[in-house]
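Here the structure is laid out as structure tokens; the discussion comes afterwards.
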Amino acid sequence: MRPILAPMRWPVRAYATVPHSRLGPTLSLEHFLQRARVLSFYRHILRSTRRIANPTTRAETRQFARDEFERHRRVTDPGHIRYLLSTGKTEWESMERYIDGL
């Protein structure tokens with residue numbers, strides 16, 4: 001008599017049924033573009049601070065910019081993001097004029 005073999009079962013791939021993505025929610029096109037503009041502006045600020053001669057002032061300026069961006073990190077309304085980006089650029093332009101005068 002031959003032994004009865006149990007049917008072979010393939011492991012279930014859990015990641016195929018996970019309801020939430022590890023990457024977070026999908027961004028709308030407008031939100032994606034605004035995010036790219038904000039990141040570009042942040043990099044511009046960091047590059048511009050290289051012109052500050054005093055290392056303490058440079059570090060404080062970078063830390064201030066980082067704190068401001070972190071404070072508004074969870075803003076999701078595209079209109080509010082546009083407003084923050086516009087006011088941030090205006091403030092940074094006035095700061096750049098001051099830096100160039102040093």
* 3J(HN,Hα) from dihedral phi, segment 44-50, Karplus parametrisation 6.51/-1.76/1.60, rounded to Hz, x for glycine, proline -> 4, 4, 4, 5, 5, 5, 4
* Spin-label pair His80/Thr56, simplified geometry with 7 Å Cα→Cβ offset, distance in nm -> 3.7 nm
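If the convex hull of the alpha-carbon atoms of segment 42-81 is projected onto planes in all directions, what is the mean projected area in square nanometres?
3.0 nm²
Throughout, read-outs are computed from the coordinates displayed, never taken from laboratory work. Everything numeric in this text was worked out from a predicted model, so none of it was measured. Don't worry about glycine lacking a Cβ; one is built from the backbone with ideal geometry, like all the others, and counts go over all protein chains shown.
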